[in-house]
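Here's the structure we're looking at; comments come further down.
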Amino acid sequence: MISARYESAMGNNIVFATVAIEGTRPLLQHHFTPDAIPLKKRERTGVAGNDPEEWKKTVLMTSERQLYLPGNYFFSCLRDAAYLTTRKRQTQRDVVATLQIQDPVVLIRDRFVPDEPELIEQYQLCERPNVYVDVSAVKNPGSGGRNVRYRVATVPGWCCEFQMLWDRTIVATQVMEAICLDAGTLVGLGDGRSIGFGRFVIQRFEYADTS
């Protein structure tokens, strides 16, 4: 919730919103974690550019193996959508200045990683489990060659909920709601956003001001 100190500093202009979303495209994970560059040498798996164990170093899951996303993913998503909504860099700067995502991490509802998830090629026609490992070829920007990427993925229908707050005198409530809608349609979450992954729709946008 909003702290008394923050509310006092900002007056009665703070809006607190709960946003529930549902994925319309697969959500891919390829998060850069400390395991990606370990401090100690480890036994090598796979070969250069093709490591089937790669997903274990880049997945975000709890000790119970439930998938989650960091809160800053949602901040970045809304920041990028702000310009697309109004075509004004000032709006984007205003969103960056005032927006706060209240959740350090956001759990993906009912999506748990199996001990041995199924490896499925990205464009393979088959029925997919709720959580699997997406196998796809990607271009290495450094060498120009191709690598095989292994990323944990979850099928459309994934759901989560996050809380955010902002100053309505800087970004109007109706504008922020429009930004959230465009964030799902035009930006998305997770990896592979540039090719349309991680897109979502807003299921619920509930807000209350402090006045």
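Filtering the range 154-167 to residues that are touching a Lys or Arg at 6+ places or on another chain (Cβ under 8 Å) and crowded, with 21+ Cβ neighbours inside 10 Å leaves T154, W158, C160. Among the residues of the range 148-197, those identified as in contact (Cβ under 8 Å) with a residue 40 or more places away in the chain and within 24 Å of G49 (Cα to Cα) are V148, R149, Y150, R151, V152, A153, T154, G190, D191, G192, G196, F197. Here I170 clears all of (1) of a type outside the set (D, E, K, R); (2) surrounded by 15 or more Cβ atoms within 10 Å (Cβ to Cβ); (3) closer than 26 Å to V59 by Cβ except the condition numbered (3). Residues that are more than 29 Å from Y207 (Cα to Cα), at pLDDT below 80 and not aromatic (F, W, Y) within the range 1-41 comprise T33, P34, D35, A36, I37, P38, L39, K40, K41, listed in sequence order.
The values are calculated or read from the model by the stated rules, or taken from the named source; none is laboratory data. In this text, all values refer to a predicted model and were calculated from it rather than measured experimentally. For neighbour counting, all protein chains shown are included, and Cβ atoms are generated from backbone atoms with ideal geometry for every residue, glycine included.
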